[in-house]
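Enquirer: Handing you a structure now.
The values are calculated or read from the model by the stated rules, or taken from the named source; none is laboratory data. On a predicted model such as this, the values are computed, not experimentally measured, just so you know. When we count neighbours, we look across all protein chains shown, and the Cβ atoms used for this are built from the backbone with ideal geometry, even at glycine. Ligands, DNA and RNA are excluded from the accessible area calculation, which covers all protein heavy atoms including side chains. Shrake-Rupley method; radii C 1.70, N 1.55, O 1.52, S 1.80 Å.
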Amino acid sequence: MATDCEAWLNANPVEVVDPSDSFPSGDEESIFTGNVKTEVNGNWITAPTGTIHEAKLKAKVKRRLRKNSSRDSGKGDSLSDNGEVVRSAVPPTSPKGKLLNRRSRMGKGRGLPKKGGAGGKGVWGTPGEVYDEDEVDFKDPNYDAEQENCVYETVVLPLDEETFEKTVTPIVQEYFEHGDANEVAELLAELNLGSMRGNVPMLAVSLALEAKASHRELTSRLLSELCGHVLTAADMEASFHKLLKELPDLVLDTPGAPQMLGQFIARAVADNILPNSFIDGYKGRVDCEYARAALDRAAVLLRMSQWTGLRIDNLWGSGGGQRPVNQLIKEVNLLLKEYLLSGDTLEAERCLRELEVPHFHHEFVYEALIMVLESKGDRALQMILQLLKSLCASTVITVDQLRRGFERVYLDMADISIDVPCAYSLLEQFVERSFNAGVIDKKLRDLCPCRGRKRFISEGDGGCLKLESY
């Protein structure tokens, strides 16, 4: 082994390096004393100390060269004075180092952005730059001479039957809430109705037949507004012809459809939506009994308007919120008087619902209590109590409206007692019975006022009220 190492050193002569440059002074004696077992090029050998020292130096140089030429080593590594490798943070030839340095490589410029800010990804140009229109290249193989004078417009496809119902039905239902016919006309004008244009009045009337009287009045107004703007007179006439043909199907959902459709036809003729000859054209040619009933109803209403001055323009009446308060009070009093004569609780409930004034039911309770106080005898008291109990049980009159009606009577008792001297005693009797029947609660009963010390019942009368003395 020793002879091989000496042969290698003779073939590759190197300069002898002073051991003091590479090793500390204290380690020289330990290196050169005795035979040392060391490694040279991956082989462990035992050699004299002088030869071992030279082999170590050569191996150290070779490792240094091998390390510098390695593919994984950084290009910016350097050697320190004591022979150790020092790595730089960023190699001088690394692209990252170039990106971090934003100064011009040419050593020129003032540090402004390139191309005046018009360069880079996603940049359209300098601010304020206006581009000219691209000139048409007639030699372009994709050039088409017919596209030069083309005008592009948004095309709205015509609605089919299924899409028509899904689109127009919400518009009509929203109209029943806000009552703005102009908004409905604008929405319909934006649609391409096509052949379904004549179905608009038909759909509106079909929805109104299942709605309230105020909604039917709004539908008549809507048809009058749409005619001449969105729809034509021919569309209206064709739509009412279809309604007469489909009356047998409409009666299944709305039994009173023939009479209501007759009123719609009479109102349309009065509003000049339908011609006067519309009804006469069906004489002797009607086989359906429902269509005949509708046409007869329309003919009778038109005759009454001519002979008796019946106002067909207010045929359906106006909604509860649109009627004046005095008219509502008269209708409530008329309803209560008819109930006291007939005693039909269901009919009174139906009439109260048709008024469509749930916010005004406290007036109904107030007028009912006044009738009890102004009437003599126990019959009116029992009937009014039965009516209020039925209306509260069916939730037609809410607890809040019932309370407001009783409280209004409590506040007006001073004025009511002037016309009805025994009003306090009658009111106490009615309030007590109402509490026992479960119409009012204990808190509302305790709010009932009393006259005071004046006595209307003497001890010798057996507890009977003296009505004849007042």
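Enquirer: Only Cα pairs under 8 Å and at least 6 apart count here; give the relative contact order of the stretch 153-200 as a rounded whole percent.
Expert: Relative contact order for the stretch 153-200 comes out at 59 percent.
Enquirer: Let me ask something else. Taking all pairs of distinct Cα atoms, average 1/r, flip it, and tell me the Kirkwood hydrodynamic radius of the stretch 207-283 in Å to one decimal place.
Expert: 12.9 Å
Enquirer: Then there is this: Show LEU373, LEU341, LEU157, LEU302 ordered by accessible area, largest first, where the area counts protein heavy atoms only and the probe is 1.4 Å.
Expert: LEU341, LEU157, LEU302, LEU373
Enquirer: If N is the number of residues in the stretch 375-454, what value comes out of its Cα radius of gyration divided by 2.2 N^0.38 Å?
Expert: Normalised Cα radius of gyration, the stretch 375-454: 1.09.
Enquirer: Per-residue counts of other Cβ atoms within 10 Å, averaged by peptide: what ranking do you get for 284-290, 142-148, highest first?
Expert: Averaged packing, sorted descending, gives the order 284-290, 142-148.
Enquirer: Computed FRET efficiency, Cβ-Cβ of SER394 and GLU153, R0 56 Å: what is it to the nearest 0.05?
Expert: 0.45
Enquirer: Determine by what factor the alpha-carbon radius of gyration of the stretch 332-434 differs from 2.2 N^0.38 Å, reporting the quotient.
Expert: Against the empirical 2.2 N^0.38 Å value, I get 1.01 for the stretch 332-434.
Enquirer: I've got another one for you. Residues with amide H under 5 Å of LEU191's amide H, sequence separation 5 or more or different chain, H placed in the peptide plane at 1.01 Å from N; which?
Expert: Residues meeting the criterion, in which the H sits 1.01 Å from N, do not exist here.
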